[in-house]
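**Q** My questions will all concern the structure given below.
The values are calculated or read from the model by the stated rules, or taken from the named source; none is laboratory data. Only a predicted model underlies this, so the values are computations on that prediction, with no experimental measurement involved. No Cβ is skipped: glycine too gets one built from the backbone with ideal geometry, and neighbour counts run over all protein chains shown.
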Amino acid sequence: MKDFLSYEEGDNGKDEIGQAIASAAKGEGELLKEIYARAAEGKRAGTLTNEQIDDFCARFAPMLDAGKRKKLYRLAEQLKRM
């Protein structure tokens, strides 16, 4: 199975789906690190303001579950203190 459209019942794609889910979870951590690194760079350079951080959070927080939203707000507070 190479994509969801090509999935057929009885297909041996369950392992691939599990691997994709595990990869996405790993990718989430890497993505957060990258976002934080770029935002921290912007704060240090003076090109990212606290208002922009708040706008980012307001835009993306509604798309996240409670746990991820909490992480987002925690990272935002760390960035704003820089």
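**Q** Counting only residues that are of a type in the set (Lys, Arg), more than 16 Å from residue 29 (Cβ to Cβ) and exposed (fewer than 14 other Cβ atoms within 10 Å of the Cβ), how many does region 63-82 have?
**A** First, the residues of region 63-82 that are of a type in the set (Lys, Arg): 68-71, 74, 80-81.
Now restrict to residues that are more than 16 Å from residue 29 (Cβ to Cβ): 69, 80-81.
From the residues that got through so far, the ones that are exposed (fewer than 14 other Cβ atoms within 10 Å of the Cβ) too are 81.
So the count comes out to 1.
**Q** Taking the options 9, 34, 77, 16, name whichever one is out of contact with any His (no Cβ under 7 Å at 6 or more places or on another chain) and modelled with pLDDT of 90 or more. Steps first, answer last, please.
**A** Values: 9 fails: modelled with pLDDT of 90 or more; 34 fails: modelled with pLDDT of 90 or more; 16 fails: modelled with pLDDT of 90 or more.
From the options 9, 34, 77, 16, the qualifying one is 77.
**Q** Keeping to region 30-47, report how many residues are within 18 Å of the chain's Cα centre (by Cα), among the hydrophobic types (A, V, I, L, M, F, W, C) and either outside any helix (DSSP H, G or I) or over 14 Å from residue 72 (Cβ atoms) (or both).
**A** So the count comes out to 2.
**Q** Failed condition for residue 60, given (1) of a type outside the set (D, E, K, R); (2) loosely packed, with under 10 Cβ neighbours inside 10 Å; (3) at pLDDT below 90, with all others met?
**A** Unmet condition: (2).
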